[in-house]
Amino acid sequence: MRRLRTGRIREMLAETELRTSDLVYPLFVDESIQSPVEVPSMPGVHRLPLDSLTGEVSEICELGIPAVILFGIPSAKDRVGTHAWGRDDVVQRAVRKIKRDFGDEIYIITDVCLCEYTDHGHCGVVEGERILNDPTLEILGRIAVSHVEAGSDMVAPSGMMDGMVQAIRSSLDREGYSDAGIISYAAKYASSLYGPFRDAADSGYAFGDRSTYQMNPANTDEALNEVELDLKEGADIVMVKPALPYLDVLYRVKERFRVPTAAYHVSGEYSMVKAAERLGWIDGERVMHEMLLSIKRAGADIIISYAAKEFSKLAMDGSV
Ligand code: PBG
Ligand code: ZN
């Protein structure tokens, strides 16, 4: 076996190739700041003001990254998340600006959820401490339409409400946006790896946790059911999230359905590598590359990662 492990033949026989064009870079757009603010628990990741978007997206395009996923941080929150769907709210303005400056040079995905916009921080409408499913659906449809109206190419419902894909698909179709796609966070687990994201997006919750709507980490059959339902409801791409601790789920989803499949390499997965790198305990670049490659190998067609820019720089230099 070792004959093929040395020299150029080694790379010729590589079975999996991670490409910059597999990656999606997350952007946090904050309505209340004047200049970029680094997220303390995510070295290298910044909240951006609207004015910094053009510079940031230029860099992303130059690196060859084909897509971004946008998260908004509004200046005001309320009970139902009113600032998630206004024409002049943060995500809608961000999308219009990027579309105006870059057109089809960058593919825009927008996260559709309520947690960044509600004062209680949950992903749905609440009654007491219950998170209501069906009353949330109509709002998700409205948010999705407002994103696509602004120019978003694809919406990404992340709230794990039952029926969210169908509600969004029919709202979009009704408004004449049948070309806009849906990438569904289909198998999203109630993970402890979202902590740094909640700092970044200011989306921590006031009570309880997300375990009544996000999946139990103990389950895999349930993930297959979630994916099947979302596909029936009209999802174009299905997602597994987080990535590394759920590679078995990702693998089964890809094997079973053979549809475009994404994985979200989440904030905590990124931060752990950065922390260990800072301590001098691991080679952060190499570890990050190995992790992204493993996500691809397990079956992801698309990977959402905070490490997208650093990977694409390495790929450009020819070092990976
Ligand atoms: C909001 C949302 C979350 C993430 C993406 N969309 C957080 C959550 O569900 O609490 C997590 C992303 C990450 O950790 O990088 N619904
Ligand atoms: Zn949410």
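Numbers for the structure displayed
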| item | result |
| --- | --- |
| Residues (outside any strand (DSSP E or B), without any contact (Cβ under 8 Å) to a residue 24 or more places away in the chain and touching a strand residue (DSSP E or B) at 6+ places or on another chain (Cβ under 7 Å)) located in region 34-87 | 36, 49 |
| Criterion (crowded, with 22+ Cβ neighbours inside 10 Å and closer than 28 Å to residue 205 by Cα) met by exactly one of 190, 144 | 144 |
| In region 186-199, the residues that are within 8 Å of ligand 1 (Cβ to nearest atom) and under 22 Å from residue 83 (Cα atoms) | 197, 198 |
| Residue within region 269-284 that is away from ligand 2 (no atom under 16 Å from the Cβ), of a type in the set (Ser, Thr, Tyr), part of a loop (DSSP other than H, G, I, E, B) and on the phi < 0 side of the Ramachandran plot present | no |
| Region 200-215 - residue that is farther than 18 Å from residue 263 by Cα and surrounded by 15 or more Cβ atoms within 10 Å (Cβ to Cβ) and, of those, farthest from ligand 1 (Cβ to nearest atom) | 202 |
| Count of residues meeting criterion [under 22 Å from residue 250 (Cα atoms) and touching a helix residue (DSSP H, G or I) at 6+ places or on another chain (Cβ under 9 Å)] in region 275-320 | 20 |
| Condition check for residue 108: within 16 Å of ligand 2 (Cβ to nearest atom), under 27 Å from residue 242 (Cα atoms), modelled with pLDDT of 95 or more and of a type in the set (Val, Ile, Thr) | no |
| Residue 120, sole failed condition from (1) more than 15 Å from ligand 2 (Cβ to nearest atom); (2) closer than 18 Å to residue 202 by Cα; (3) over 21 Å from the mean Cα position of the chain (by Cα) | (1) |
| Of residues in region 126-143 being more than 12 Å from ligand 2 (Cβ to nearest atom) and not in a helix (DSSP H, G or I), the one nearest to residue 238 (Cα to Cα) | 133 |
| Single residue of region 84-105 satisfying the filter (in contact with a Ser or Thr (Cβ under 6 Å, 6 or more places away or on another chain) and over 13 Å from residue 31 (Cβ atoms)) that is farthest from ligand 2 (Cβ to nearest atom) | 101 |
| Residues within region 88-112 that are among the polar types (S, T, N, Q) and assigned to a strand (DSSP E or B), tallied | 1 |
| Hits in region 12-54 - residues which are at positive phi and more than 18 Å from the chain's Cα centre (by Cα) | none |
| Among the residues listed as 269, 226, the single one being within 22 Å of residue 109 (Cα to Cα), touching a Pro at 6+ places or on another chain (Cβ under 8 Å) and not hydrophobic (A, V, I, L, M, F, W, C) | 269 |
| Looking only at region 155-183, and only at residues there that are touching a helix residue (DSSP H, G or I) at 6+ places or on another chain (Cβ under 6 Å) and of a type in the set (Gly, Ala, Ser), the one that is surrounded by the fewest Cβ atoms within 10 Å (Cβ to Cβ) | 163 |
| Hits in region 144-162 - residues which are within 14 Å of ligand 1 (Cβ to nearest atom) and in contact with a Gly (Cβ under 8 Å, 6 or more places away or on another chain) | 155, 159, 161 |
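Table: residues versus (1) crowded, with 24+ Cβ neighbours inside 10 Å; (2) more than 26 Å from residue 61 (Cβ to Cβ); (3) under 18 Å from the mean Cα position of the chain (by Cα).
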site: 278; (1), (2), (3): no, yes, no
site: 281; (1), (2), (3): no, yes, no
site: 299; (1), (2), (3): no, yes, yes
site: 305; (1), (2), (3): yes, no, yes
site: 309; (1), (2), (3): no, no, yes
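The values are calculated or read from the model by the stated rules, or taken from the named source; none is laboratory data. Worth saying up front: this structure is predicted, and the values here are computed from it rather than measured. All Cβ positions, even for glycine, are placed from backbone atoms using ideal geometry, and neighbour counts span all protein chains on display.
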